[in-house]
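All remarks here apply to the structure that follows.
The values are calculated or read from the model by the stated rules, or taken from the named source; none is laboratory data. Quick caveat, the model's predicted, so the values are computed rather than measured. Note: ideal-geometry Cβ built from the backbone for every residue, glycine included; neighbour counts use all protein chains shown.
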Amino acid sequence: MKRILVTGSTGTLGRPVAALLASLGHDVRGLSRRPGAAHQGDLATGAGLDAALDGVDSVVHCASDTRGFGRTDIAATRNLLDAAARAGNPHIVFVSIVGVDRIPYPYYRVKLDAEGLIEAYGGTILRATQFHEFVLAGARLAARLPLIPAPDVPVQPISTRDVAARLAELVDRPVPGRADDLGGPEVLHAPDLFRAYRDRIGSRRRVVPVRLPGAAFRAFRNGEHLTPAHRSGGERWSDFLGGTAVER
Ligand SMILES: NC(=O)c1ccc[n+]([C@@H]2O[C@H](COP(=O)([O-])OP(=O)(O)OC[C@H]3O[C@@H](n4cnc5c(N)ncnc54)[C@H](OP(=O)(O)O)[C@@H]3O)[C@@H](O)[C@H]2O)c1
C-alpha cells in the first residue's frame, strides 16, 4: 500500500485514476482548488502543496489548466516539483499527450516544457492519445449546428480507465523518463466518430469533414498525434458511446 497524491483528481482523467488506485488498496489523496476538498491546494500559487505532499510515496500529476490552454501549467509543475523536493522526492508520474513534440500547437508546447521539468526531476512521463470524453465533447458541440462540422483528421481515442490502469502500473513499477506511449485500440476518422455519435443521439444532420489552414492542423492530418504501435486493447469508441449517458 502506498500513499499517493493525485493532482487533478476532480478532472476527467483524475477521477478514474483516484478511484482505481483506491480500489487497489492505496491511500489516495486528491488535490483540488475547490473549497471543501480533502486536500485543497492551488498548484499555480503553491498554496496547500506542502500539506498535501506530506508523507506521500508517489504523485500522479493529472492536473492541467486545460481551459486556459496550459497558461499556468509550467508554474504549477514547478511548484509541485519544488514541494515534492521538500517532501523527500516522492516518485512522480506525469500525463502528457502523444505528439507534443511533433505538433506545433501552443498547449502542446506547454506540455513538452512540463515534460522537461518532470524528466529533470527523475519522474515518469506517460503520453496518451485523445480521451473518449474529449472527442465526445467536440461531437456534442458540433452536433448543435445545422450541419455537423468534424475535423478531417484521424483519431485514436482511448478510455480514461485504460489510461488510469497504465498509470497505476507506472506507480507500481516506475520507469525513468518516458514510458511507452499509450493509444486507444483503433485509429478512426474523426468524421466517422462524429457520425456514430449523431446516430447514437438520433440526429439526422449531415456530418461535414472540415480542413483548417496551418501547420498544427496539417500535423494532426498526418497523424502525428497517433501511436498505432501502442494500442491499449481496451474500450472502443462504439462501446464507450453505448455505455455513456450521451445526452444531446
Ligand atoms: N483530454 C485529452 O484527450 C487528453 C489526452 C491525453 C492527455 N491529456 C492530459 O491529461 C491530463 C488531464 O486532463 P483532463 O482532461 O482530465 O483535464 P480536466 O478534466 O480539465 O481536469 C483538470 C484538473 O486539473 C485541476 N487543476 C487545474 N488547475 C489547477 C491548479 N492550479 N491547482 C490544482 N488543480 C488544478 C482541476 O482541479 P480543480 O478545478 O478541482 O481545482 C481538474 O481536476 C492533462 O494533463 C491533459 O493534458 C488529456
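Restricting the stretch 63-100 to residues that are of a type in the set (A, V, I, L, M, F, W, C) and touching a residue at least 60 places away in the same chain (Cβ under 8 Å) leaves a set whose member that is farthest from the ligand (Cβ to nearest atom) is V93.
Identify the residue in the stretch 20-39 that is surrounded by fewer than 16 Cβ atoms within 10 Å (Cβ to Cβ) and within 13 Å of the ligand (Cβ to nearest atom) and, among all such residues, is modelled with the highest pLDDT.
Applying the first criterion (surrounded by fewer than 16 Cβ atoms within 10 Å (Cβ to Cβ)) to the stretch 20-39 yields 22-25, 27, 33-36, 38.
Still in the list and also within 13 Å of the ligand (Cβ to nearest atom): 33-36, 38.
Details: R33: 96, R34: 93, P35: 87, G36: 82, A38: 81.
Among them, the one singled out is R33.
Checking each residue of the stretch 135-151 against the condition of being within 14 Å of the ligand (Cβ to nearest atom), surrounded by 14 or more Cβ atoms within 10 Å (Cβ to Cβ), without any contact (Cβ under 8 Å) to a residue 60 or more places away in the chain and under 27 Å from A22 (Cβ atoms) gives no match. Number of residues in the stretch 222-235 that are surrounded by 15 or more Cβ atoms within 10 Å (Cβ to Cβ) and out of contact with any Asp or Glu (no Cβ under 6 Å at 6 or more places or on another chain): the value is 6. Within the stretch 65-86, the set of residues being over 11 Å from L43 (Cβ atoms) and crowded, with 21+ Cβ neighbours inside 10 Å comprises A84 only.
The set of residues from the stretch 155-183 being surrounded by fewer than 18 Cβ atoms within 10 Å (Cβ to Cβ) and either touching a His at 6+ places or on another chain (Cβ under 7 Å) or free of Cβ contacts under 8 Å to residues at least 12 places away in the same chain (or both) comprises E169, D172, R173, P174, D180.
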